[in-house]
1. Calculate the translational D of the chain in whole µm² s⁻¹ from Stokes-Einstein, where the hydrodynamic radius comes from the Kirkwood formula applied to all Cα pairs, the temperature is 4 °C and the viscosity 1.567 mPa s.
2. Taking the Cα atoms of region 262-394, report the difference between the largest and smallest coordinate on each principal axis, in whole Å and largest first.
3. First compute the accessible area of the chain with a 1.4 Å probe, then give the percent of it belonging to carbon and sulfur atoms.
4. Tell me, what is the per residue accessible area of the chain in Å², probe radius 1.4 Å?
5. Solvent-accessible area of Tyr332, probe 1.4 Å, all protein chains present, reported in Å² to the nearest ten, please.
6. Rounded, prolate or oblate, given the Cα gyration tensor of region 121-210, with a/c below 1.5 counting as rounded?
7. Let me see the P(r) profile for region 365-482: every Cα-Cα distance counted, bins of 5 Å, each bin given as a percent of all pairs.
8. Any chance you could look up the accessible area of Arg541 with a 1.4 Å probe, heavy atoms only, rounded to 10 Å²?
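The values are calculated or read from the model by the stated rules, or taken from the named source; none is laboratory data. In this text, all values refer to a predicted model and were calculated from it rather than measured experimentally. Here the Cβ positions follow ideal geometry from the backbone for every residue, glycine too, while neighbour counts run over all protein chains shown. Ligands, DNA and RNA are stripped out before the accessible areas are found, and what is left, the full protein with its side chains, is counted by its heavy atoms. Shrake-Rupley method; radii C 1.70, N 1.55, O 1.52, S 1.80 Å.
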Amino acid sequence: MKKKNPEYLARLRSAMKERGIDAVVIENTDPHQSEIAPVHWRGLEWLTGFEGVNGVNGTVVVTAKDALCWTDSRYFIQAEEQLQGTGFSMMKEDGPEAVDLIDWLVENLNEGQTVALDGMTFSVSYAQRIEQECKDNGIIFRTDFDPFEKIYPERPAKPMNKLFVHDESLVGETVDSKMDKLMTEVKAELANSILLSSLDDIAWATNLRTTNDIPYSPIFVSYLYVDDSKRILFVEDEKLTDDVRNHLKKYSIELKPYEEVVKFVGELPKDRRLLLDPMKTARTIYDNVACTPVFGGAGVARLKSIKNPTMLGNIDIAMEKDGIALIKFFRYVEENAPSGKLTEVGLGKLVRSLRLADPSCVDESFHPIIGWNAHGALAHYEATEETDFTIEGNGLLVVDSGGQYTFGTTDITRTILIGTATEEQKRDFTLVLKGHMALANIKFPEGTRGTQLDVLARQYIWSDGKAYYHGTGHGVGFFINCHEGPQAIRLNDVPAPLEPGMITSDEPGIYLEGRYGIRTENLLVVEPWKTTEFGPFYQFRTVTLFPYDKRLIDLSLLSEEEIEWINNYHKMVYDRLSPLVDEEEKAWLAEKTSPISK
């Protein structure tokens, strides 16, 4: 954990005063609106002390007298703890006590005062929302203030990691094929060119990857311009190898320095209609476009989200490799927990080493979330040397982890029992499992959005007077991001329908602050089910391979159909994984997947 220093806030206020700025808004992201930004752009974490290995969702507002940090319910407890002594206070952006950041701004600033932000780290859409509210209330709005160049002298450099080619036999599609599909989408949106800012879109389109530009995601800092006659990748020359240069040459992709993108869009011909995703494109880039900008791009995200048959076949291989690592991990935990020597940090290191023992695993897909008892109630907890719990006594251990295999991306959460469970713990675990199964089993018509299915996972928890406020399911990429759009299963409306080939998580949970947490997560693939007079219907196929902890299941709460589903799932896990492990591991797996009954 970084040492807290309230002096950083004083430095920011001094820079604001010099520039005549009354309020500054800072996001914890980069010029590409990445969920996890390279450390160069994570100035908010340096400024506030609110940080995490996986990054944190945060937006800061600083005035002469207020310093506030907005975050979502995954981070409430963490933010309250980490912001202490920094001069910042936490604000809730979701849940029943949520306060809208833009509403706060216009209610706390006077006409004629100035709000500023860095237009390279705010999307067009978010910046325009702030700008419109400021304009309506007589507040001056600026996008030319990047405070960190002045107040953060030890700021890390931009990442310069080498790129590599993702084997197209694993991808199942060439760059030319993807570019053709890309331009078809561009023209469908009445444009004739596109600038991709989203790093996962660029990695998908080019079949290129890297390590360590962004923690746990093999994507790289760049921009990509495409029209009918040109393909230009804006990337630093230092990141290129001979293999990558040859790959780019093969697909007629030109190279320009990363920093030239603003100049480039400012010189585009007037007849060019440039498609920009307003949620991913930096406001400063938009402000400099010389041709006609066209807002859109949902079709591009859809292209990336629909995995082809080759990818889906390889995802199954990745799940088998993941299952092998998890058998070794949870078997070790079970055998060694009574010693009282296991710790959250130590288990994080162990699960990482077991995954990376497979040559096809390039990295974890996120920093593992390993929470013992009270720490399990922190949905995005990250164990550190300062917070590390020893696993001892009775309780619940939440393990949320995943791997970035060249065969695909995995993400799984299991909650297991150490010692003896209480009846309340068993009840909560079973309610979460019931919702998890209800979502996995649903059949739904073409055009269904994740929002329309979300309540399936929450219904049993709600019926018990409990709730969780994070999403139930996020899209998952193919050796790209663990979190991928446009699909999602959550309470707030996400307009993208679920389509065959999409992958989503299924992860309801219960979190009792100071006591314990429970989350159960598998990945699901959307597949066709059947076509009736009412049109095509789809279903989910569960692809994650690891058993649930049967010791935590309250059988009295399950129907016979639910018991049958668990037994069938466990049989699939055993049939797929048992041929891949040694005899002792096979015996352990056989016990964990043996049938249950009332």
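1. Working: Rh = 25.3 Å.
My calculation gives 51 µm²/s for D.
2. 71, 39, 23
3. Working: 11680 of 23320 Å².
The C+S portion of the solvent-accessible surface of the chain is 50 percent.
4. Numbers: 23320 Å² over 598 residues.
That works out to 39 Å² per residue.
5. About 100 Å², ignoring ligands and nucleic acids.
6. Working: a/c = 4.52, a/b = 1.47, b/c = 3.07.
Oblate.
7. Here the calculated profile for region 365-482 is 2, 10, 16, 19, 20, 17, 11, 5, 1, 1.
8. In the full protein context, Arg541 sits at about 70 Å².
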